[in-house]
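Data first, discussion second: the structure below is written as structure tokens.
The values are calculated or read from the model by the stated rules, or taken from the named source; none is laboratory data. Computed from a predicted structure; not experimentally measured. Neighbour counts run over all protein chains shown; Cβ positions are idealised from the backbone, glycine included.
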Amino acid sequence: MNTNKRQEGFSLIELLIVVEIIGIIPAIAIPNLLASKRAANEGSAVASVRTVTSAEATYQATTGVGAYGNLAALNTAGLVDSALSGSGTTPKSGYAFTATPDATTPNSQYLVTASTAVASGLAATGTRNFASDATGVITYKPASTTAMTANDGTAIGN
């Protein structure tokens, strides 16, 4: 008669090691995923600023009769969608957009800005704000929740 019982399964130590490894993986992966999301938001913001810049040129040459328009006017003309024109309730890809034509000399200048909805912390939607004007050069400055007031940042190299 054999009195040795064979035990099968995992020991408590082995189970604790597996649980610890499962806990480490998200700690490594989540910051990288958040950084990827911020980069995607910034790419979307730059593309949207380019879209508005093109829409401004089209609006000035056609509907605007030589003058630039704000986002609502560009939307009414069918040049930008409601996500950019502010008709939506949430910012597009974590950025809020504005297009401000120069009221004193409407044919000469406008400013398009994209500013982050959340500028810092884990929930940050981007690390840079963007702007463009009639020159077509898109510039950036470090993110804050206030929009850029001039196109005087660093060119993104478009």
Scanning the range 45-86 residue by residue, those without any contact (Cβ under 8 Å) to a residue 60 or more places away in the chain, β-branched (Val, Ile, Thr) and crowded, with 19+ Cβ neighbours inside 10 Å turn out to be VAL80
Matching residues in the range 103-145 (at pLDDT below 80 and either under 14 Å from the mean Cα position of the chain (by Cα) or buried (at least 16 other Cβ atoms within 10 Å of the Cβ) (or both)) number 3
If we scan the range 16-24, do we find a residue that is at pLDDT below 90 and not aliphatic (A, V, I, L, M)?
-> no
Apart from one, (1) part of a loop (DSSP other than H, G, I, E, B); (2) within 30 Å of THR105 (Cβ to Cβ) all hold for GLU8; the odd one out is (2)
In the set THR113, THR104, the lone residue that is out of contact with any His (no Cβ under 6 Å at 6 or more places or on another chain), touching a residue at least 12 places away in the same chain (Cβ under 8 Å) and β-branched (Val, Ile, Thr) is THR113
Do we have any residue at all in the range 89-101 that's farther than 27 Å from GLY157 by Cα and not aromatic (Phe, Trp, Tyr)? yes
Conditions (1) at pLDDT below 90; (2) under 22 Å from ALA155 (Cβ atoms) -> THR53 fails only (1)
Just checking, does the range 17-34 include any residue being part of a helix (DSSP H, G or I), acidic (Asp, Glu) and surrounded by fewer than 15 Cβ atoms within 10 Å (Cβ to Cβ)?
yes
Checked pairs for the range 11-33, first within 18 Å of ALA124 (Cα to Cα), second exposed (fewer than 10 other Cβ atoms within 10 Å of the Cβ) and not polar (S, T, N, Q), C-beta under 9 Å and 6 or more apart or across chains, list as ILE30/LEU122; PRO31/LEU122
